[in-house]
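Just so it is clear, none of the values below were taken in a lab; they were calculated from the coordinates. All of these numbers come straight from a predicted model, not from anything done at the bench. Glycine gets a Cβ as well: all are built from the backbone with ideal geometry, and neighbour counts include every protein chain shown.
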Amino acid sequence: MDNRKFTVKSNGIRLDKIISDNYTDLSRSRAGNLIKENHVLVNEKIEKPKYKTKYEDVITVAIPEPKKLDLEPENIKLNIVYEDDQVIVINKPQGMVVHPAPGHLNHTLVNALLYHTKLSSINGTIRPGIVHRIDKDTSGLLMVAKTDIAHKSLSQQLKNKTSRRKYIALVHGNIKEDRGTIKAPLGRSPKDRKKQAVITGGRNAVTHFKVLERFGSDYTLIQCQLETGRTHQIRVHLKYINHPLVGDPLYGPRKTIKGHGQFLHASELGFKHPTSGKEMDFSSQLPIIFETTLKNLREQYHSKKEGDTYE
């Protein structure tokens, strides 16, 4: 058991947030789960995650030892963009689940990674090494921690918003603005537990976008940059502004371009190396089906100016 204790020096901060702020290796959701599992005490008493802390509250956090890893390493081919003794950057194919979950216990990226290398232990048995996730039907770049030192550093960079994550997305409709920012709080949908939604009191979520190309009034190709990284953030934010992602089975319209899942690709990733401090930047080309779809749209709409490219 990893036992930790600290004294609060401010007022009015949620319990799950202040724990996450004090310990870089604990995300806010992880802190919330520890609280719900009665592993957190405030002045020797159990409180809820939404408890607002008071000056000189004494917070005790007991982190259980990770259970023995029982996931099965699987010899699945990986598209490795970069690797050293601390981190590994993967170009994830569309259709691959990142880590095991109910209904997807095998054939995930984690299963493949465990066959290839050792991973950090911070996220326990189900998500070893996973610092951030992309959805099953989202393709592209993902950074994974091989050591606990790397995991803490990469998690802190995400929390401090110093890492860089850009996506290419094809959406329905014509976005008239050349660029913009979507700032809308996200949380679990009260109508459908499988979905996220823009809700009052949700977690802060910010997505910046830039238009790359327009296809008449029907479709727009955009680049999205994440300032925060909430579950389904880009997908829900795009639906919120009435420009849902093409091919999105959960948030998009039924009438859409047929392909192989949603047209969302994690195209750029940047972070500071956990031990050397060197700035690391990576880029990934669009999947073939995404490129083919754009080619067909250009031929159909003739909206691509000669010589234009997207970055």
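Quick notes on this structure:
- Taking only the alpha carbons of the chain, we obtain Rg and Dmax values of 20.7, 68 Å in that order.
- Extension gain for residue 52 to residue 148 (0.36 nm times residue separation, less C-alpha to C-alpha distance): 31.5 nm.
- Test item: Cα-centred dipole of the chain, Lys/Arg +1 and Asp/Glu -1 on Cβ, debye: 1140
- Overall form of the stretch 2-63 per C-alpha gyration tensor (a/c, 1.5; a/b vs b/c): rounded
- Above-threshold pairs, the threshold being 26 Å between Cα atoms, out of 36/191; 48/136; 159/210: 48/136
- Against the main long axis of the alpha-carbon atoms of the chain, helix 288-301 sits at an angle near 40°.
- In terms of other Cβ atoms within 10 Å, 286, 245 run from fewest to most in the order 286, 245.
- Value at 222 nm in deg cm²/dmol, rounded to 500, when DSSP H runs of n ≥ 4 in the chain each add -39,500 (n - 2.57): -5500 deg cm²/dmol
- Sum of side-chain charges, residue 138 neighbourhood, beta-carbon under 12 Å (Lys, Arg +1; Asp, Glu -1): +2
- On Cα atoms only, tilt of 148-160 relative to the major axis of the chain in degrees: 70
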